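Okay, so here's the structure we're looking at.
The values are calculated or read from the model by the stated rules, or taken from the named source; none is laboratory data. Note that the coordinates shown come from a computational prediction; the quantities given were computed from them, not determined experimentally. FYI the Cβ positions are ideal-geometry reconstructions off the backbone, even for glycines, and counts take in every protein chain you see.
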Amino acid sequence: MKTLPLALQTIAGGAANSSIGRAGAVAASSFVLILPTVLVFLILQKQVMETMAYTGIKA
């Protein structure tokens, strides 16, 4: 089992072995990595904004 950032680095070809040929695979895996966070925020956006207003955080 790997963490998602480690898996992304593996897909990219390692730290020292970056290649333009893998840019599409890296972009796709980055999208998949970010997608759950964005979806959770969009679903819970109202609650997040209410919490910010309640605690005094200015957006």
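Tallying residues that are outside any helix (DSSP H, G or I) and modelled with pLDDT of 85 or more within segment 4-51 yields 1. Contact list please: Cβ distance under 9 Å, first residue in segment 30-59 and in contact (Cβ under 8 Å) with a residue 12 or more places away in the chain, second residue in a helix (DSSP H, G or I) and loosely packed, with under 11 Cβ neighbours inside 10 Å, pairs at least six apart or on different chains. Short answer, once both residue conditions are applied: Leu33/Pro5.
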